[in-house]
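Inspection log for the structure reproduced underneath, given as structure tokens.
The values are calculated or read from the model by the stated rules, or taken from the named source; none is laboratory data. Only a predicted model underlies this, so the values are computations on that prediction, with no experimental measurement involved. Cβ sites come from the backbone with ideal geometry, for glycine too, and all protein chains shown count toward neighbours.
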Amino acid sequence: MKLTLKKGPLYIQVYEILKERIISGVYPKNTLIPSEQELKDEFNVSIITIRRAVEELSRQGSVEKRSGVGTTVLDNYAVSKLSKGQRFSEHLIEEGYDLKKKQANLDIIDIPVESDLRMRFGEKCYCIERLYTLNDKPYIHFKHHLPLSLDIPDNQEKLLDSLYEILYRQGVKFNRFKDEFGVSTPEQYIADLLEIEQKPLLQRQRYSYDINENLIEYSEAFYNTDIHKYVVNFDV
């Protein structure tokens, strides 16, 4: 593969390609990426360039380099540092719960005139709805709003992939996330999907911004905390 300085520093180009391969599953989690020599030969660059690219992946927590072993993929999420705390989904899985994405669908919806989203996304936007189950019981309902400028796959199987990985593959690079928590009563159809009576539930609202501070995603999630409370673990 031939790289050119016209596209920026060579090590950054190598890093971006390796990161995309990790995210897309070319290099699966807990496997070794090719050796420095193999990457040097593939990209036709110096060993120093390869090492700088791998060091950047390591700094971001995507890989771990161990002497005598090689470089292992640790994390294949598009946003490995979504927060300093352990992801809630990871916590549930570590506790032995079976957390699954049960269904997903994509629509284009009208944004209400009074909504702040209208200033960000325009008159319409994508809306992805997803339902998670915990030990086969409906547990979380997500509603993601995204601008129509993105290319979102209209395929349930692909929609069940990590949303942030879908966006990363399109070149979206996130800068920060803001989560707000409160208590709100979901619409009746959401309560029906969660198989509960319509009542106040824990609601999480997330605002996801790219490196240019553009709002890329706004999401609302309702949790049936009668099944399991929302937990965040922080490493000291």
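Is it the case, given these coordinates, that SER208 is of a type outside the set (Val, Ile, Thr), modelled with pLDDT of 95 or more and surrounded by 13 or more Cβ atoms within 10 Å (Cβ to Cβ)? Give the steps one after another, and end with the answer.
Details: of a type outside the set (Val, Ile, Thr): yes; modelled with pLDDT of 95 or more: no; surrounded by 13 or more Cβ atoms within 10 Å (Cβ to Cβ): yes.
Considered against the rule, which asks whether it is of a type outside the set (Val, Ile, Thr), modelled with pLDDT of 95 or more and surrounded by 13 or more Cβ atoms within 10 Å (Cβ to Cβ), SER208 comes out as no.
Would you check if ALA221 is at pLDDT 95 or above, within 22 Å of the chain's Cα centre (by Cα) and not in a loop (DSSP other than H, G, I, E, B)?
On the way: at pLDDT 95 or above: yes; within 22 Å of the chain's Cα centre (by Cα): yes; not in a loop (DSSP other than H, G, I, E, B): yes.
Taking the combined requirement at face value, the residue satisfies it.
Need pairs with beta-carbon distance below 6 Å; first residue of a type in the set (D, E, K, R) and within the range 99-122, second part of a loop (DSSP other than H, G, I, E, B); sequence gap 6+ or separate chains.
Correct list of pairs: LYS101/LEU160; ARG118/ILE111.
Can you report the number of residues in the range 166-205 which are surrounded by 16 or more Cβ atoms within 10 Å (Cβ to Cβ) and not in a strand (DSSP E or B)?
Count: 10.
Of (1) modelled with pLDDT of 85 or more; (2) in the same structural domain as THR185 (by TED's automatic domain parsing), ASP161 satisfies all except one. Which?
The single condition ASP161 does not satisfy is (1).
Just to be sure I understand the filter: pairs with C-beta atoms under 6 Å, separated by 6 or more residues or on different chains, first member in the range 6-20 and in contact (Cβ under 8 Å) with a residue 24 or more places away in the chain, second member of a type in the set (Gly, Ala, Ser) and buried (at least 17 other Cβ atoms within 10 Å of the Cβ). Which pairs pass?
Between residues of the range 6-20 that are in contact (Cβ under 8 Å) with a residue 24 or more places away in the chain and residues that are of a type in the set (Gly, Ala, Ser) and buried (at least 17 other Cβ atoms within 10 Å of the Cβ), the close pairs are TYR11/ALA53; VAL14/ALA53; TYR15/ALA53.
Check whether at least one residue in the range 33-49 is within 24 Å of LEU167 (Cβ to Cβ) and not small (Gly, Ala, Ser), and report yes or no.
yes
Can you go through LEU194, LEU160 and tell me which one is farther than 25 Å from MET119 by Cβ and in contact with a Lys or Arg (Cβ under 6 Å, 6 or more places away or on another chain)? Working first, answer last.
Numbers: LEU194 fails: in contact with a Lys or Arg (Cβ under 6 Å, 6 or more places away or on another chain).
Just one listed residue meets the conditions, LEU160.
Taking LYS229 and the conditions (1) within 18 Å of LYS100 (Cα to Cα); (2) surrounded by 13 or more Cβ atoms within 10 Å (Cβ to Cβ), which numbered condition does it fall short on, given that it satisfies the others?
(2)
Look through the range 36-68, keep the residues that are farther than 17 Å from ILE12 by Cα and touching a strand residue (DSSP E or B) at 6+ places or on another chain (Cβ under 6 Å), and return whichever of them is modelled with the highest pLDDT.
Applying the filter and picking the extreme gives GLU64.
Provide a single number: the residues in the range 1-35 that are under 14 Å from SER58 (Cα atoms), crowded, with 16+ Cβ neighbours inside 10 Å and at pLDDT 90 or above.
So the count comes out to 5.
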